[in-house]
Amino acid sequence: MSASRATSYRIDPSIKARLEAQAATEHTTERALLERLVAEGLDILDHPGIVFRDGRTGRRAALSVGPDVWEVISALRSTTGSPEQRVGVLAEQFDLPPRHIRTAIDYAAVHRDDIDAQVAANDEAAQRTAQIAQARDDLMAS
């Protein structure tokens with residue numbers, strides 16, 4: 001993100017109170033929460049069908065009807081064929097209409113760094129899980 005710029009807005013007192021309460025609940029600042037909400041809101045407007053969810057790894061973009069965007073992109077990377085064939089394979093895999101797969105792909109194209117980081121984090125977690133499982137099996141075999 002680029003450097004912040006001072007901006008002044010008047011906010012309805014009831015919305016301000018909700019913002020304060022939510023920021024306190026999330027242990028964050030009002031400014032950080034407001035920036036996140038505005039950024040996510042603009043992304044939702046730009047990419048109808050995208051929502052944001054909390055999880056163990058933080059907030060992430062997801063299809064309102066299904067998987068996280070990073071999951072679609074991770075699966076996309078293991079498909080072959082023409083773009084339409086790949087979309088068709090993913091639509092079948094996730095049991096979604098192709099338009100939803102395209103929505104995830106379009107979002108990822110705009111937010112590639114974030115999605116790549118989420119895919120990498122998942123790959124690392126899967127690798128750690130496999131290592132733990134192997135170590136557990138080795139321990140149990142001894």
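The figures follow:
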item	result
Condition check for A125: closer than 28 Å to E40 by Cα and over 15 Å from the mean Cα position of the chain (by Cα)	yes
Answer residue from segment 8-42, given it is over 28 Å from D113 (Cα atoms) and of a type in the set (S, T, N, Q) and is surrounded by the fewest Cβ atoms within 10 Å (Cβ to Cβ) among those	S8
Lone qualifier among D137, D113 - being within 12 Å of the chain's Cα centre (by Cα) and exposed (fewer than 13 other Cβ atoms within 10 Å of the Cβ)	D113
Criterion: of a type outside the set (V, I, T), more than 24 Å from Q118 (Cα to Cα) and either open to solvent by 70 Å² or more (accessible area, probe 1.4 Å) or over 15 Å from the mean Cα position of the chain (by Cα) (or both) - qualifying residue of R5, R53, R59	R5
Filter pass, T79 being β-branched (V, I, T), at pLDDT below 95 and on the phi < 0 side of the Ramachandran plot	no
Residue ID - surrounded by the most Cβ atoms within 10 Å (Cβ to Cβ), chosen from residues in segment 62-93 that are within 16 Å of the chain's Cα centre (by Cα) and over 21 Å from D113 (Cβ atoms)	G66
Cβ-Cβ under 8 Å pairs, at least 6 apart or on other chains, segment 34-60 side on the phi > 0 side of the Ramachandran plot, far side hydroxyl-bearing (S, T, Y)	G49/S64; G49/T103
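The values are calculated or read from the model by the stated rules, or taken from the named source; none is laboratory data. None of these values were measured; they are calculated from a predicted model. Because the Cβ atoms are built from the backbone with ideal geometry, glycine has one as well, and the counts that use them run over all protein chains shown. Just the protein is used for accessible areas: all its heavy atoms, side chains included, with ligands, DNA and RNA removed. Shrake-Rupley method; radii C 1.70, N 1.55, O 1.52, S 1.80 Å.
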